[in-house]
Amino acid sequence: MNNCKRTILTLFLIQFGLSYHAQNDSTKTLSEVHIKAIRANRQMATASTTIKTSELQHLNLGQDIPSLIQQLPSLQLSSDAGNGIGYSYLYIRGMDAQRIQVNINGVPYNDAESQEVYWVNIPDLLSSADDIQVQRGVGFSTMGGTGLGGSISIKTTKRHAKPFLQFQTSLGSFNTFRNSVQASTGVMSDGWQITSRGSLIQSDGYIDRAWSRLGSFYLDISKYGDKYSSHLIASHGREKTYQSWFGLSQEDYNTGERTKNIAGTDYESKVGEPYTNQIDNYHQTHVQWIQNFLWKNGHQSSLTGFFTRGLGFYEDYKVGQNYSDYGQGILGNGDLVRQLWLDNYLYGVNASHILEKTKFTNTLALSYSNYRGDHFGRVPQFFSLVNGNSSDRFYNNEAMKSDLTAFNKFIYKMKSSNLVLDIQLRQVNYSTAGSLRNQTTISFDKNFLFFNPKIGYILDINNKNKLYFFAGLSHREPVRSDFLDEDALSQPKPEKVYNLELGYEKKWTSSELKANLFGMYFIDQLVPTGNINTVGAPIRENVGKSYRAGAEFEFSYKLSKQLSFYTNQYVALNKILDYTSYIIAYNEDDYSINSSKTEKNFFSSTHIAFSPSWISYAEILYTPWTGTDIRFMNKTVSQQYLDNTSSSQKSIPLYNVSNISLSYLLKSNKKSGEWTFNLLLNNIFNADYISRGYTYHSGNTISTTGTVTEGRDYNFYFPQARFNFLFGLGWKI
């Protein structure tokens, strides 16, 4: 019996023993166990925020989820198209989505191989969601992978008291248009409920040709009983976007070409107009079958089966290609169009059992998933004469990944405090084999076993003062691109982080303060080098020792019945210890690496790339009369470095963006229903700002006589939209 199976058996024995001990306790009311098992609650407080989606409706006008929740503490976002529609990215404490675990109804959503979160594949999900919880830092265990920067839990299972029909439409800058129709039967007398939604979103984007054509539907068939609830959920998302992940060169940015897009030009080597079909085209289907049960003596259980199917490609125009690289026996040279395909599916099961008693609560959970991904390439068009027959697939490799996670959370309840013990074991097997697009072969088989213990303590000093402490250890495996981007002598290693959190919450009659101190010490953290690969994903490298440490504050104050103020602040130091950067030297004759001439620059301490030291959000809410809200919102993100050398020449300057939201709710009679009007004015001061970028050095070249020709740095930016607006109209009956 291996260690993983032995530990899982031990966890089940613990649960059985606790069940026997508690046989005489009273029964409980059935809750949504599939959500309760993975979320932080008041009994095990950590750095987390839960927000009802009804509180975000003034922002829900077609933009992706990162744009809608960026006001939460320590969060920042970026958008390829510049206006929050299409490919958008979310960061927590400076860490990207590859270190953020996202679950939808407890089901892991991160792509199994890249661990990226592609919000574009699930457009308008917020319209079907009930609430969202964001845990910052390691946090307590969730199903599937572990988050290092944080975790996001989205709940869409919602019990509607009454039937309704809702229509929402919005329009705005850059030819943005969105329609959404949602309906529900409400819970009928026999306990059945059917809820559905369909959405269409389109936008031309702020960046040239960065258009998006998005569609989705959602269906939830539920049955509620006294001792059980059941959900069958099917959702589908389709995205077609013109590529805009190449960024804008510093030279073009300095000359004022803020919206230039080099996609479709093969890095500006194509003659004539950009290729019109340089697109990303992908669709994804999700099916979830969720069962919650209430047993006798305080037992609650949940069982979820899930299946995800994805299929799509991105199309790429290439100039001056050797056709022999696209299949054996093909001769010729010239331009072509290639499609890089991904055909994948994921299936799995989640199970949890909660025993809730007067003195303790114990949660035992198990999650298993299996992934298969087929990566292959096709050439739909050659623009020059081809000799020979092209193959159906000029490269093909298949990946398989299994993920088994088990955890046990035990909460011991004392008079005014709670002690939380959380033990997680995770086993990951990841393998791939086949050929890559450059005709080289790939083959690896990786196995990881992670032990992730956590402990928390919360003290209710009184009903207005609360203190908590959290300590945890967590690991996360490298992603597919880490293995592909690294060479054979420098294979990526898993990340390990020790996380400490100390929080304090204080309530007054009209105000509230939340303060959190955190320290995160990493071993082998995978940090971005500053460069990106051909699909815009960051190229990363392990660094031996690094840390992220700082403080988070939230403060809200109600000045009067009509006026309130809210702010959150994040300040941190994000440093790598003992870091060496390299400027590679290449021999001019054959472009091989000249190790003796390669420059090494040593830093005893340096800033981690893309990790701002200050993030600030402030909001003023004015309600002049019932049903009318006016919000002034301001977001500030401090300077970020494009690589790990702390060079101001390779950085993104501080930016400050202000938005205004106006909302009006008109409640009429039952026949005419409820009307909502929303106006969102983004970047009202027309700030010219950059949210993300990348950099690389061309390398030095060494002639046959030993003469050194120095290379140079190339910086690229992702500008965000200047002043723009969205107007929304909603009707519900």
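The values are calculated or read from the model by the stated rules, or taken from the named source; none is laboratory data. Since we're looking at a predicted model, the values are computed, not measured. When we count neighbours, we look across all protein chains shown, and the Cβ atoms used for this are built from the backbone with ideal geometry, even at glycine.
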Under 6 Å between Cβ atoms, at least 6 apart or on separate chains: pull out the pairs that start in region 288-303 with a residue that is free of Cβ contacts under 8 Å to residues at least 60 places away in the same chain and end on any residue that is of a type in the set (Gly, Ala, Ser).
TRP289/GLY305; LEU303/ALA351
Return the total of residues in region 98-143 being of a type in the set (Gly, Ala, Ser) and surrounded by 24 or more Cβ atoms within 10 Å (Cβ to Cβ).
6
Note on region 145-175: residues aliphatic (A, V, I, L, M) and outside any loop (DSSP other than H, G, I, E, B) are ILE152, ILE154, LEU165, LEU171
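Conditions (1) among the acidic types (Asp, Glu); (2) surrounded by fewer than 18 Cβ atoms within 10 Å (Cβ to Cβ), marked per residue:
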residue: LYS667; (1), (2): no, yes
residue: LYS670; (1), (2): no, yes
residue: GLU674; (1), (2): yes, yes
residue: ASN678; (1), (2): no, no
residue: ASN686; (1), (2): no, yes
residue: HIS697; (1), (2): no, no
residue: THR707; (1), (2): no, yes
residue: ALA721; (1), (2): no, no
residue: ASN724; (1), (2): no, no
Tell me the residue from ARG178, ARG209, ARG197 that is out of contact with any Lys or Arg (no Cβ under 9 Å at 6 or more places or on another chain) and closer than 16 Å to ILE733 by Cα, please.
ARG197
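Matching residues to (1) in contact with a strand residue (DSSP E or B) (Cβ under 8 Å, 6 or more places away or on another chain); (2) hydrophobic (A, V, I, L, M, F, W, C); (3) at pLDDT 95 or above:
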residue: GLN135; (1), (2), (3): yes, no, no
residue: VAL138; (1), (2), (3): yes, yes, no
residue: THR146; (1), (2), (3): yes, no, no
residue: HIS160; (1), (2), (3): yes, no, no
residue: GLN166; (1), (2), (3): yes, no, yes
residue: ASN179; (1), (2), (3): yes, no, yes
residue: ALA183; (1), (2), (3): yes, yes, yes
residue: ILE194; (1), (2), (3): yes, yes, yes
Considering only region 328-344, I want to know if a residue exists there that is in contact with a Gly (Cβ under 9 Å, 6 or more places away or on another chain), under 27 Å from HIS231 (Cβ atoms) and either modelled with pLDDT of 90 or more or among the hydrophobic types (A, V, I, L, M, F, W, C) (or both).
yes
Inside region 276-300, can you point out the residues that are in a strand (DSSP E or B), polar (S, T, N, Q) and more than 28 Å from the chain's Cα centre (by Cα)?
GLN300
Between GLU257, GLU273, GLU251, which is assigned to a helix (DSSP H, G or I), surrounded by fewer than 20 Cβ atoms within 10 Å (Cβ to Cβ) and not polar (S, T, N, Q)?
GLU251
Only residues in region 507-524 that are under 24 Å from TYR457 (Cβ atoms) count as the first member; pair them with residues that are of a type in the set (Phe, Trp, Tyr) and surrounded by fewer than 17 Cβ atoms within 10 Å (Cβ to Cβ), Cβ under 6 angstrom, at least 6 apart or cross-chain, and list the lot.
LEU513/PHE555; ALA515/TYR504; ALA515/PHE553; TYR521/TYR498
Every pair of residues 6+ apart whose Cβ atoms lie under 6 Å, when the first sits in region 316-332 and is at negative phi while the second is outside any strand (DSSP E or B) and acidic (Asp, Glu)
TYR317/ASP266; LYS318/ASP266; VAL319/ASP266
If you take just the strands (runs of 3 or more DSSP E) that sit entirely in region 614-701, which of them hold at least 2 residues that are more than 30 Å from THR529 (Cα to Cα)?
614-622, 628-637, 655-667, 674-682
Subset of region 572-614, residues under 22 Å from ARG712 (Cβ atoms) and basic (Lys, Arg), comes to LYS597, LYS600
Looking at region 682-708, which of its residues are without any contact (Cβ under 8 Å) to a residue 24 or more places away in the chain and hydroxyl-bearing (Ser, Thr, Tyr)?
SER698, THR705, THR707
Do the conditions hold for ALA488, that is, is it modelled with pLDDT of 95 or more and surrounded by fewer than 17 Cβ atoms within 10 Å (Cβ to Cβ)?
no
Can you give me the ranges of the strands (runs of 3 or more DSSP E) entirely in region 494-604 with at least 3 residues that are under 22 Å from the mean Cα position of the chain (by Cα) and β-branched (Val, Ile, Thr)?
511-532
Inside region 317-327, can you point out the residues that are at pLDDT below 95 and buried (at least 20 other Cβ atoms within 10 Å of the Cβ)?
TYR323, TYR326
If I filter region 425-476 down to residues being among the charged types (D, E, K, R), without any contact (Cβ under 8 Å) to a residue 60 or more places away in the chain and over 19 Å from ALA515 (Cα atoms), which single residue comes out as surrounded by the fewest Cβ atoms within 10 Å (Cβ to Cβ)?
ASP445
Quick check on LYS36: is it charged (D, E, K, R), modelled with pLDDT under 90 and over 23 Å from SER141 (Cα atoms)?
no
If a residue has to be surrounded by fewer than 22 Cβ atoms within 10 Å (Cβ to Cβ), touching a residue at least 40 places away in the same chain (Cβ under 8 Å) and more than 22 Å from LEU77 (Cα to Cα) to count, how many in region 599-651 make the cut?
11
Are any residues in region 220-248 in a loop (DSSP other than H, G, I, E, B) and surrounded by fewer than 16 Cβ atoms within 10 Å (Cβ to Cβ), and if so, which ones?
GLY225, ASP226, LYS227
